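Single-structure report; data block below.
The values are calculated or read from the model by the stated rules, or taken from the named source; none is laboratory data. What you are looking at is a predicted structure, and each value in this text was computed from that prediction instead of being measured. When we count neighbours, we look across all protein chains shown, and the Cβ atoms used for this are built from the backbone with ideal geometry, even at glycine. These accessible areas exclude ligands, DNA and RNA; they are computed on the full protein's heavy atoms, side chains included. Shrake-Rupley method; radii C 1.70, N 1.55, O 1.52, S 1.80 Å.
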Amino acid sequence: VQLQASGGGLVQAGDSLRLSCTASGRTFKRRYAVGWFRQAPGKEREFVGCLSWSGDRTDYADSVKGRFAISMNNAGNTVYLQMNSLKSDDTAVYYCAASNYDFGLYEADYSYWGQGTLVTVSS
């Protein structure tokens, strides 16, 4: 499956932004778990959140819990990362990824990656 991440941009602290991850050629639902990761300048890529293969379970990194939410459209081919109350620490390139596992918290769980979309939060 090929993934396309989009929706990044420049926002101010406290703003909201929604990222999209679209699958080409296939749908996610009941085929792949979908994860979001991010890499800030000078840092390692880190887990942000995950939506399970069945679409009914999510998990998030502690740093974004309560502020970010992952969901899927009805067609099952787009997964969203809704980001609220953004902070300067959220500035990073955000990647979506797909896994053949039911659920994945680690980069190694994912076989398919999108190209990344840059989110910049100004304080």
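Taking the condition of being surrounded by fewer than 17 Cβ atoms within 10 Å (Cβ to Cβ) and either under 11 Å from the mean Cα position of the chain (by Cα) or modelled with pLDDT of 95 or more (or both), how many residues in region 46-56 meet it? Explain how you work it out, then say what you get.
If we filter region 46-56 for residues that are surrounded by fewer than 17 Cβ atoms within 10 Å (Cβ to Cβ), which is where we start, we get 46, 54, 56.
Filter once more, keeping what is either under 11 Å from the mean Cα position of the chain (by Cα) or modelled with pLDDT of 95 or more (or both): 46.
Number satisfying all stated conditions: 1.
In region 64-89, how many are touching a residue at least 12 places away in the same chain (Cβ under 8 Å), open to solvent by 60 Å² or more (accessible area, probe 1.4 Å) and more than 23 Å from A23 (Cβ to Cβ)?
Residues meeting the conditions: 3.
Hey, among the residues in region 70-121 that are outside any strand (DSSP E or B) and among the hydrophobic types (A, V, I, L, M, F, W, C), which one's farthest from R57 (Cα to Cα)?
Here is the first cut: in region 70-121, the residues outside any strand (DSSP E or B) are 73-77, 84-91, 100-111, 114-116.
Next, only the ones that are among the hydrophobic types (A, V, I, L, M, F, W, C) stay: 75, 86, 103, 105, 108.
Working: A75: 18, L86: 23, F103: 8, L105: 12, A108: 19 Å.
Only one residue tops the list, namely L86.
Report, ordered by the first and then the second residue, all pairs with beta carbons closer than 7 Å, sequence separation of six or more or different chains, a first member in region 101-113 that is surrounded by 16 or more Cβ atoms within 10 Å (Cβ to Cβ), and a second member that is among the hydroxyl-bearing types (S, T, Y).
F103/S52; G104/Y110; D109/S99; D109/Y101; Y110/S99; W113/Y95
Taking region 8-58 only, how many residues are closer than 15 Å to A69 by Cβ and assigned to a loop (DSSP other than H, G, I, E, B)?
5
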